[in-house]
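See structure below.
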Amino acid sequence: MLQDNPDITPITPTAQMKAHTHGGRAKCLQRLVRLDMPVPTTVALSFETVHGIASGHMPDMAEILAAFPEGALLCVRPSSQDPDWGGPGAILNIGMNDARYVEMCDTLGRHAASALYARFVEAYALHVARLDPDVFEEITAEGPQALSEALRAYEDEAEEPFPQDPAAQLAQVLRSMARAWEGTTARLLRQAKGAPADAGLGLVVQEMALGIGHPEARDGETGSGVLQLVNSHTGLRQITGRYLSQSQGREALSGAAEALFLARDERGPSLEEVAPEAFNEIVGIAERMRRKLRAEMQIEFTIQGGRVHVLDGVRVRRSNRAAVRIAVALAQDKIIPREEALMRVEPRALSELLHRQIDTDAPRDILGHGVAASPGAATGRIVFSATAAQASAARDEPCVLVRRETSPEDIRGMQAAVGVLTERGGMTSHAAVIGRGMGIPCIVGAASLAFHIRKKRLVAADGRVFHEGDVITIDGATGEVLAGSPPMLEAALDESFQTLMDWADAARDIDIRANADTPMDAQTARNFKADGIGLCRTEHMFFETDRMIVMREMIFAKSSEDRRAALELLLPMQRADFIELFRIMQGQPVCIRLFDPPLHEFLPSDKPGMRALAEALDLPVSDVERRVESLGEYNPMLGMRGVRLGITLPEIYDMQARAIFEATLAASREGAPVVPEIMIPLVSAKREVEIVKTRVDAVAAAVRNERGRDFDYRLGVMVETPRAALRAEEIAGHTDFLSFGTNDLTQMTYGLSRDDAGRFMSDYVKQGVFAEDPFHVLDRDGVAELLRIGAERGRKARPDVVLSICGEHGGNPESIAICRDMGFTYVSCSPFRVPVARLAAAQLAL
Ligand code: PEP
Ligand code: MG
């Protein structure tokens, strides 16, 4: 009879139970039954049946009850497809009524039987009959007195006696749980967790293992609890959980209960001491579950008179670092293959391991939000200028640099700070790019806070005022700005992490390079096992104070001669930089981009700065001001930068090319021959490439001549204007490689300023104008279309042209997928995103 109805299925070793028809819990219980674990009798109701119940089609209760022993108490639990989607709370002790109460007074004693019945009446009243909870909160009595008060309260509120028929009770429980799932709030909540609009709910009806016995019984331990074999925070092996004698459900976990810890190595008395046999049996069951279910599970169990019952098993809750350790340990124990371990870790979760982060359990006093621009969390005193940041660092006081936005002048301050917070900007603005490069936490575009930089005040969204020296914390992973110093978890680059990364490298089929500008970046790239440097932004090498002065002299030079003289001074500095990069990268490819930014970025923007520069150059302040003004542009990002500068002031690129070639010879003398890659930024016309190529070739010839030694190099073009993508065929004819600079390409394709978009981006995303911030996730429909066109046309001219991407998108898993599909050789991203990219690339190849 029961077996004929596929929608009401007793869980037996051979029953068919799928997560998408009966839910994850039913499926898991079926596997436990098949493993012959001591699971009480259980019946599963399918999504379809439960949906029917919500719309008034009640199945025959007698059919369900027939699966259980006469008079058994039952519980009903939700079984959604993905346990994370939640569901209505479990209802226990269904079937409890006056008659069972009388019997139980004998078996459990009057006090325990009364407590059990009263608990059921209350749960039923609140969750099924939906009566006012206040009425029950007023009951303070205990034992039989509490029971009679609960029954009376029910009768008064519901205006009918408490239902006595177990079939009627069960029907009402099923109906209320089915309806709760279909309610609007519940639907919105689970949709927020990724559930589809039509996600189904299954229910499991299980015979109760009571967890409560007669207080004077001498037949062994009775109670309930949960147990798992690993620590949820660290992922390390450690038996943890809670247990409470004479308890049911998850009472052992409720804060009020004086629960026992499980194993002896934890504080206080333990289940291991109270009931060693049962404890060992449960641990044995957990071990088997881990092996057979191929996952770390938390067991929900009951001990009844010394006998163990397994009520449920759920995947252990885990932090991201624990997820890595658990997956690697399962593979090392040969429980799952390595490929599966790789698939089980969310690439983005790795970035959390590379940085300190706020303890997930800690309360958060949030002051405001911004764009989460560089992950990690940092606590420090507020400073409002780069100088104050350096002074703070000199005092060994960690500080957070708070600016309206940052510019090259702030670099020293950023280096001195533990984190950066700006009012303006988006994912690819100065603070964001530099912050990620340095690996320091950064939040940009925090417009929900008021920045009074000159008055040295930061005002929170709720009006609280913070001054210089006050302590705040920024969470660069969530974009939250917090008051004070919440507890932190340290970075966790442990052995499991390294192992997982090695497995990822063996699996992936696209190279991951790093964007690295300084020796420190290069070292980080190397530590994270990048396959080379995909973008060295050379202008970042000029931000050191002593170089900045020479740089400014160069900018102020009146004639080509004067300019060359200043560049002569910069040459040895650049050469030394490149030698060091080549050394650190030990023969791995290093792609150097020629000077890109507009010159005025190197000039002071305020009065004191102008005065200092006038002194250094021995010029009247007015001259300096005039010159600074004349270099100013209405739209510098679309102005005299990149190759345009290289064409107009060719001496700069000449100097850089020479520095690269001389460094090549020097580094090749010491180790593996270096073949530098030189890249021209912001190209939009073939002729630009021809002109620069001619000059770079000439410098190469001159260096070969002077030194009497030969070397190779590769010349490439950054495709970061739409025109360069469209004209890739004629451009590729002159180059060895094309590297898509998707920051500028996104900016120019959308006509969206990368430095200002942060201000309205969240509104755009919230209103669904853009599905995501296109500076963060590569726009598949528009910008990626230009990549495809550029790749196709470039390959037409040069089938072997090397293709890559070096915008910030390079570290993003979705963008890596797009590049891999188009057969790119590598992606290049900030050093700290290299591990995420390595894992994401591996998952794509599996
Ligand atoms: C780009 O535009 O994508 C790029 C990598 O260059 P930058 O961010 O330095 O402009
Ligand atoms: Mg660019």
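Observations on the structure shown:
- Globularity index of segment 78-200 is 1.21 (Cα radius of gyration / 2.2 N^0.38 Å, N = number of residues).
- Farthest toward positive dipole pole in the chain [+1 Lys/Arg, -1 Asp/Glu at C-beta], among I660, F384, T473: I660
- Tail beyond 13 Å, pair distance distribution of segment 307-351 (Cα, percent): 60
- When the GluC sites (Glu not before Pro) in segment 66-156 are filtered for DSSP coil states and for at most 12 other beta-carbon atoms within 10 Å of their beta-carbon, the remaining sites are E70, E138, E142.
- The chain: angle of helix 621-631 to the longest principal axis, Cα-based, in degrees nearest 10: 70
- Note on segment 2-207: dipole from Cβ charges, positive end direction compared against Q145, A67, P161; the farthest Cα belongs to A67.
- Residue-count net charge about T422 - beta-carbon cut-off 13 Å; Lys, Arg +1, Asp, Glu -1: -1
- The count of lysine pairs in the chain that are at least 8 places apart or cross chains, and whose C-alpha atoms lie under 23 Å apart, stands at 12.
- Potential extension, T387-Y750 segment - 0.36 nm per residue separation minus Cα distance: 127.0 nm
- Most tightly packed first, judged by the mean number of other beta-carbon atoms within 10 Å of their residues, the peptides 368-381, 187-200 read 368-381, 187-200.
- Cα radius of gyration and Dmax for segment 360-489 (Å): 12.7, 38
- Computed on segment 475-533, the Cα convex hull volume stands at 141 Å³ per residue.
- Per-residue Cβ neighbour rank within 10 angstrom, fewest leading, D511, D596, D84: D84, D511, D596
- Annotation note: trypsin sites (Lys or Arg not before Pro) in segment 421-457 located in DSSP loop regions with a Cβ neighbour count of at most 12 within 10 Å are R454, K455.
- Part-to-part distance (alpha-carbon centres) for segment 778-815 and segment 11-29, which is given in Å: 45
- With all projection directions averaged, the alpha carbon convex hull of segment 594-716 covers 9.7 nm².
- Segment 360-489, dipole about Cα centre (Lys/Arg Cβ +1, Asp/Glu Cβ -1), debye to the nearest 20: 380
- Cα shape, segment 228-381, gyration tensor, a/c 1.5 rule: oblate
- S254/D505 FRET efficiency (R0 41 Å; Cβ-Cβ; nearest 0.05): 0.35
- Cα shape, segment 116-275, gyration tensor, a/c 1.5 rule: oblate
- Using a Förster distance of 45 Å, the FRET efficiency for D546-F760 (Cβ separation, nearest 0.05): 0.70
- Compactness of the chain - radius of gyration and Dmax, Cα, Å: 33.6, 107
- Efficiency of FRET from Cβ geometry, E157 and R788, R₀ 56 Å, rounded to 0.05: 0.25
- Around the Cα centre of the chain, unit charges on the Cβ atoms of Lys, Arg, Asp and Glu (plus for the first two, minus for the last two) sum to a dipole of about 2700 debye.
- Selection among A99, L738, F497 by position relative to the dipole of the chain gives L738 as farthest towards the positive end (Cβ unit charges, Cα centre).
- Burial order of peptide ranges 578-591, 808-821 (average beta-carbon count within 10 Å, highest first): 808-821, 578-591
- Helix 98-107 axis, angle to the chain major axis (alpha carbon atoms, nearest 10°): 90
- Seen against the Cα atoms of the chain and their longest principal axis, helix 276-293 is set at about 50 degrees.
- Residue order, fewest to most beta carbons within 10 Å, for R641, R704: R704, R641
- Gain upon complete extension [A99, T41; 0.36 nm per residue less C-alpha separation]: 18.6 nm
- For segment 212-234 versus segment 515-544, the spacing of their alpha-carbon centroids is 55 Å.
- Ratio of the Cα radius of gyration of segment 689-846 to 2.2 N^0.38 Å, where N counts its residues: 1.18
- Pairs of alpha carbons in segment 519-604 whose separation is greater than 16 Å (percent): 56
- Restriction of the trypsin sites (Lys or Arg not before Pro) in segment 538-582 to DSSP coil positions whose beta-carbon has at most 10 other beta-carbons within 10 angstrom yields K558.
We did not get these values from a lab; they are worked out from the coordinates using the rules stated. If you're wondering where the values come from, they're calculated on a predicted model, not measured in any experiment. Please note: Cβ atoms are built from the backbone with ideal geometry, for glycine as well, and neighbour counts cover all protein chains shown.
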